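Working notes, beginning with the structure itself.
The values are calculated or read from the model by the stated rules, or taken from the named source; none is laboratory data. Here the structure is a predicted model, which is why all the values come from computation and not from measurement. We place every Cβ from the backbone using ideal geometry, glycine too, and count neighbours over all the protein chains shown. All accessible areas refer to the heavy atoms of the entire protein, side chains included, with ligands and DNA or RNA removed. Shrake-Rupley method; radii C 1.70, N 1.55, O 1.52, S 1.80 Å.
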Amino acid sequence: MKIAFYGSSLLSAYWNGAATYYRGMLGELAKRGWEIVFFEPDAFDRQQHRDIDPPDWAEVVVWENSLDACRQVMTRAAEADVVVKASGVGVFDDELLGVFDHARPDALTIFWDVDAPATLAEMRADPQHALKKALPGIDQVLTYGGGPPVIEAYLAVGARACRPIYNALDPTTHHPVEKETRFCVDLALLANRLPDREARIERFFLEPAAMLPDRTFLLGGNGWHDKPMPANVRTLGHVGTGDHNAFNGSPLAVLNVARDSMAEVGFSPATRVFEATGAGACLITDWWEGIEQFLEPDVEVLVARDGAEVAEHLKRLTPERARAIGEAARQRVLRDHTYAQRAEEADALFRALLDERRERSAA
């Protein structure tokens with residue numbers, strides 16, 4: 001059984017927050033007997049910033065950033081039992097929807113949305129959006145967040161079916177490690193600078209830093225080099241995945257800040273939530289609806305509705321309580337939120353839908 005997956009990048013997390021999700025989910029599906037072929041474009045300097053080698057559980061096809069190459073790799077969809085086009089490939093996204101035209105009649109077709117709130121906003125703004133036109137012909141929409149509001153919105157714009165397969169933890173890659181002095185601060189945040197998140201980062205991270213001039217803050221991620229910062233904020237630029245465990249496990253606390261659209265929709269835990277808690281971090285997150293579905297507030301996570309609450313959490317937080325919260329969160333995600341569990345869900349769905357299709361064909 002083969003999956004042809006057309007996404008942004010499996011090999012590089014550079015400007016590519018979905019990499020952790022792809023690796024965790026597809027690696028676990030491979031353990032369940034699926035043959036994985038991942039098609040990714042040579043774009044955005046990701047191939048120059050690879051942080052893993054091609055894994056032994058997947059064939060990775062890197063295609064030239066050109067329309068001809070795009071058309072060529074789409075033809076390989078005919079080899080697969082499940083054909084997946086992910087959102088946010090970044091180049092030729094509309095053209096890549098044509099991959100479903102190359103799928104065999106007996107194959108399962110899936111649009112896998114790794115930023116559903118943003119995709120839905122685009123479709124609301126553009127009645128002629130290419131995905132909106134394609135949805136009636138796609139068997140299933142999967143999302144890595146969003147819950148009931150996203151399901152309802154996708155069904156309203158023509159999707160046959162929509163189901164969240166949430167972000168999770170891969171405990172083999174994100175786990176506790178020894179603290180590193182360079183990351184030992186009071187509050188750390190790992191986030192690329194993006195237009196739909198910058199204002200929230202100002203509110204939840206930079207404002208608390210200004211409120212607490214005697215505390216230390218650390219900001220990792222691309223794009224912040226020319227952003228004015230309080231004197232107690234140190235920036236790192238891109239932080240490779242090999243440093244994520246130490247980055248998450250060394251500070252007193254780690255902050256999660258949702259993008260605007262994800263915060264509005266809710267039920268959208270970012271990959272960073274599970275990366276941080278998997279490393280034993282004491283996580284402070286901005287509030288969004290549904291957080292309690294994943295972590296228990298005040299026991300497994302600290303929740304803030306504005307920068308003042310972030311600052312208040314930091315002022316009250318002792319190292320002992322931070323360790324207790326971090327360990328409680330780690331145990332929770334190991335119990336309820338691993339990619340092995342998410343992949344079991346996806347595997348069962350794929351096999352059930354393929355069985356239904358074969359039964360209909362045989363009737």
Checklist entry - In the Gaussian network model of the chain, springs joining C-alpha atoms below 10 Å, which of E344, E327, E28 carries the largest mean-square fluctuation? => result E344
Checklist entry - If you stretched the chain out fully between V299 and A161, how much longer would it get, using 0.36 nm times the residue separation minus the C-alpha to C-alpha distance? => result 46.2 nm
Item to check | Stretchable slack from V91 to A125, in nm (0.36 nm times residue separation minus alpha-carbon distance) | outcome: 10.2 nm
Checklist outcome for this item: Per the C-alpha gyration tensor (a ≥ b ≥ c, the square roots of its eigenvalues), segment 1-116 is rounded if a/c is under 1.5, else prolate if a/b beats b/c, else oblate; here it's oblate
Item to check | Links that overshoot a 30 Å alpha carbon limit, given the list K179/K227; K85/K227; K2/K132; K2/K179; K132/K227 | outcome: K85/K227; K2/K179; K132/K227
Checklist entry - So how strong a dipole does the chain carry about its Cα centre when Lys and Arg Cβ are +1 and Asp and Glu Cβ are -1, to the nearest 20 debye? => result 240 debye
Next on the checklist: Please report the carbon-and-sulfur percent of the accessible area for the chain; probe 1.4 Å, protein heavy atoms only, DNA, RNA and ligands left out.
Outcome noted: 49 percent
Item to check | Heavy-atom accessible area order for C184, C70, largest first, 1.4 Å probe | outcome: C184, C70
Checklist entry - Looking at segment 159-255, which GluC sites (Glu not before Pro) are in a loop (DSSP not H, G, I, E or B) and have at most 14 other Cβ atoms within 10 Å? => result E178, E180
Checklist entry - Considering only protein heavy atoms, what is the solvent-accessible area of R104 at a probe of 1.4 Å, reported in Å² to the nearest 10? => result 70 Å²
Checklist entry - Is the shape of segment 52-128 best called rounded, prolate or oblate, per the rule: a/c under 1.5 gives rounded, else a/b larger than b/c gives prolate, else oblate, with a ≥ b ≥ c the square roots of the Cα gyration tensor eigenvalues? => result prolate
Next on the checklist: At a 10 angstrom cut-off on C-beta neighbours, averaged per residue, how do the peptides 218-231, 274-287, 115-128, 349-362 rank from highest to lowest?
Outcome noted: 274-287, 115-128, 218-231, 349-362
Checklist outcome for this item: Given a 1.4 Å probe, the accessible area of segment 248-323 per residue, as a whole number of Å², is 35 Å²
Checklist outcome for this item: Residues of segment 298-323 with backbone N under 18 Å of the label point set 7 Å from the Cα of A199 along Cα→Cβ are 305-308
Checklist outcome for this item: Dividing the helical contributions, -39500 (n - 2.57) per DSSP H run of n ≥ 4, by the residues of the chain yields a 222 nm value, nearest 500 deg cm²/dmol, of -10500 deg cm²/dmol
Checklist entry - How high is the relative contact order of segment 8-94, in percent, with contacts defined as C-alpha pairs under 8 Å that are six or more residues apart? => result 32 percent
Checklist entry - With the Cα gyration tensor of segment 175-320 giving a ≥ b ≥ c as the square roots of its eigenvalues, does the rule (a/c under 1.5 for rounded; else a/b larger than b/c for prolate; else oblate) give rounded, prolate or oblate? => result rounded
